[in-house]
Amino acid sequence: CACLVGSEMCIRDSRVIDCFAKFCHVCFERYKDQVKYWLTFNEVDSVIRHPFTTAGIIPSRVPEDKMLETCYQALHHQLVASALAVKAAREINPALQIGCMIAMCPIYPLTCAPDDMMMAMNAMHRRYWFTDVHVRGRYPQHLLNYFARRGFTLDITEADRQALTEGCVDYIGFS
């Protein structure tokens, strides 16, 4: 996903995305008539909470002020890889059902005061936007605004945008 080369961050290594897509293609071909329901990534939202175990990001190799941006870049790579897998599955067997999955950890406001309600809503938006991209094939505007406010510049290509649009999932799973 995202990696470090010396002190420079290597934002995109499409080899990881391509390898995942090839792996999925092999699985879909092998089990196309035996397995109907598939999930591309388990708890894709865990990258922010567990960057190493879910995305291979080594925190000590990422500047502290770049950690969150690196996690979002890795998440983008996972979303593109997922979309390519969905597209491959549909080409192999249109009857396959492909889904996404997030860890459902709701955030409750401390009180019913408007400030607490808005804080909880905003926190939920930042936690569950993954399903927006999986289902709608594009990033929600509130997240793009968040990236802009934070000064994040993710490597999102036109090919990525097209893949996201063409690789929308059929269902959402929660754990």
Output the peptides 31-37, 77-83 sorted from most to least packed, where packing is the average of other Cβ atoms within 10 Å over each peptide's residues.
-> 77-83, 31-37
Choose one answer from Ala163, Ala74, Ala103: the residue with the largest mean-square fluctuation in a GNM of the chain with alpha-carbon springs under 10 Å.
-> Ala103
So if we plug the beta-carbon distance of His50 and Ala113 into 1/(1 + (r/R0)^6) with R0 = 30 Å, what FRET efficiency do we get, rounded to 0.05?
-> 0.40
Relative contact order (percent, whole number), the chain, Cα cutoff 8 Å, 6+ residue spacing | 28
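Show that you can apply the helix-only estimate: for the chain, add -39,500 (n - 2.57) for every DSSP H stretch of four or more residues, divide by all residues, and state [θ] at 222 nm to the nearest 500. Show your work: numbers first, answer last.
Working: 6 runs with 91 residues, N = 175.
-17000 deg cm²/dmol, from helical runs alone.
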Mind checking which of Met119, Val16, Tyr31 is farthest towards the positive end of the chain's charge dipole, using Cβ charges of +1 (Lys, Arg) and -1 (Asp, Glu) about the Cα centre?
-> Tyr31
Connecting every pair of Cα atoms under 10 Å apart in the chain and solving the GNM, the largest mean-square fluctuation among Asp160, Asp45, Asp65 falls on Asp65
Determine the percent antiparallel among the DSSP beta bridges restricted to the chain, to the nearest 5.
-> 30
For the chain, alpha-carbon Rg relative to the globular expectation (2.2 N^0.38 Å, N residues) | 1.08
When the chain is modelled as a GNM with alpha-carbon springs shorter than 10 Å, which of Lys22, Lys87, Lys66 fluctuates the most?
-> Lys66
Surrounding net charge for Asn93, when Lys and Arg each add one and Asp and Glu each subtract one, Cβ distance under 14 Å = +1
Peptides 106-115, 50-59: what's the order by average Cβ count within 10 Å, highest mean first?
-> 50-59, 106-115
Partner lysines for Lys32 [C-alpha distance under 27 Å; skip if fewer than 8 residues away on the same chain] = Lys22, Lys87
Enter the accessible area of Leu84 (Å², nearest 10), with the probe set to 1.4 Å and all protein chains included.
-> 60
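The values are calculated or read from the model by the stated rules, or taken from the named source; none is laboratory data. Quick caveat, the model's predicted, so the values are computed rather than measured. Please note: Cβ atoms are built from the backbone with ideal geometry, for glycine as well, and neighbour counts cover all protein chains shown. In case anyone asks, the SASA skips ligands and DNA or RNA and just uses the protein heavy atoms, side chains included. Shrake-Rupley method; radii C 1.70, N 1.55, O 1.52, S 1.80 Å.
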